[in-house]
Amino acid sequence: MVASDKIIAVNFSQEAATSQVLSHPNLLSSHQAGWDGMYLEYHDSPSHETPEHYPTQHVIAIQTKGIVEAERKLGDRFEQEQIHVGDVCVVPAYTRHWIDSKGEQGLILVSLEPSFLSQTIPDFDSDNIELLPHFAQPDPLIHQIGLSLKTALQTNSAGNRFYAESLGVALIAHLMQFYTSKKNPLSNKDILPEDAKIKQAKDYIHAHLNEKLSLEAIAATIYMSQYYFCRAFKQTTGLTPWQYVIKKRIELAKRLLKIPQLSIVEISYQLGYSTPAQFTNFFRKHTGITPSVYKKKL
């Protein structure tokens, strides 16, 4: 283990904070993306040994490529590991951590502010519910969420923040269910069917389809947590908020494409895209054809 007189505090809200413990820079970072309470870094990491440190956020490390042999200290425990693609390690905030890793690996680091958990899920009470440290183990859902967050960051498309927030809610709900000191910390509050609150949320979405929608902002307009809003919305509409936004944006795009006087460029800007190429990529991804081809078929 690297000798040190002091355990290093790593604040992942600061860009390039991992340079305190990793000698190689990140290849991708969310710090300029405006995500609220959640940060992502991607590293293509060679063999390395970190000094002993602790994060000030909850950190989820997700292996995306390679197989490495490692020795890890997590809290008061020490284990030898063989880490494979899809394996996930959870380091709760203020938990001491050290790793000596042999072999090249692709590594996604997702960091969550402790306050983000309580804001997202009101039932999270840090006095009674403790996020537990976990050595590397397979977790297909967290692996997929990590890859989806990385892709969202790389595409930098309209709706990036909204999509990332939706994935963040799913990640937190999964952590609360399987990585805490209580088996079922989430309450089973009754969710009302289609009511004024969900209608108000839908109205808000319709009125802001050409803007960068925020899951936090939508939930705040109806005075619900992001977690309960997502549950209520899915139960009421059959779609997640993100899926609903995509559906409505496509419907609006198709209506605008039917207007002969509007060009693809004008429609792109009306829908809030900074370039026609972004709109074209979005439309093709969700319909299978480009806007120009759709317009010609009308």
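Quick notes on this structure:
- All helices (runs of 4 or more DSSP H) inside the stretch 230-298 with 1 or more residues being charged (D, E, K, R) and surrounded by 14 or more Cβ atoms within 10 Å (Cβ to Cβ): 241-257, 276-287, 291-297
- Contact map, the stretch 197-210: first residue open to solvent by 40 Å² or more (accessible area, probe 1.4 Å), second residue in a helix (DSSP H, G or I), Cβ cut-off under 7 Å, separation 6 or more or different chains; pairs are 200/221; 204/218; 204/221; 206/248; 210/270.
- Residue in the stretch 82-90 that is buried (at least 16 other Cβ atoms within 10 Å of the Cβ), closer than 22 Å to residue 145 by Cα, touching a residue at least 60 places away in the same chain (Cβ under 8 Å) and under 14 Å from the mean Cα position of the chain (by Cα) present: no
One line per residue, one yes/no per condition, for (1) open to solvent by 40 Å² or more (accessible area, probe 1.4 Å); (2) closer than 19 Å to residue 70 by Cβ; (3) part of a loop (DSSP other than H, G, I, E, B):
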| position | (1), (2), (3) |
| --- | --- |
| 6 | yes, no, yes |
| 9 | yes, no, no |
| 14 | yes, no, yes |
| 19 | yes, no, no |
| 24 | no, yes, yes |
| 35 | no, no, yes |
| 39 | no, no, no |
| 43 | no, yes, no |
| 51 | no, yes, yes |
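- Looking across the stretch 202-217, just one residue is acidic (Asp, Glu) and either closer than 19 Å to residue 171 by Cα or in contact with a strand residue (DSSP E or B) (Cβ under 7 Å, 6 or more places away or on another chain) (or both), and that is 216.
- Residue list for the stretch 218-260, restricted to those being in contact (Cβ under 8 Å) with a residue 60 or more places away in the chain and under 17 Å from residue 171 (Cα atoms): 225, 226, 227, 228, 230, 240, 241, 242
- For the stretch 66-87, the criterion of a residue being in a strand (DSSP E or B) and among the β-branched types (Val, Ile, Thr) is satisfied by at least one position.
- Residue in the stretch 101-108 that is under 20 Å from the mean Cα position of the chain (by Cα), modelled with pLDDT of 90 or more, of a type in the set (A, V, I, L, M) and surrounded by 14 or more Cβ atoms within 10 Å (Cβ to Cβ) present: yes
- In the stretch 172-191, the qualifying residues are those that are closer than 19 Å to residue 232 by Cβ and in a helix (DSSP H, G or I), and the one that is modelled with the lowest pLDDT is 177.
The values are calculated or read from the model by the stated rules, or taken from the named source; none is laboratory data. Bear in mind the structure is a predicted one, so any value in this text is a computation, not a measurement. Counting neighbours? That spans all protein chains shown, and the Cβs are built from the backbone with ideal geometry, glycine included. The protein model used for the area step is the full one, side chains on, heavy atoms only, and it has no ligands, DNA or RNA in it. Shrake-Rupley method; radii C 1.70, N 1.55, O 1.52, S 1.80 Å.
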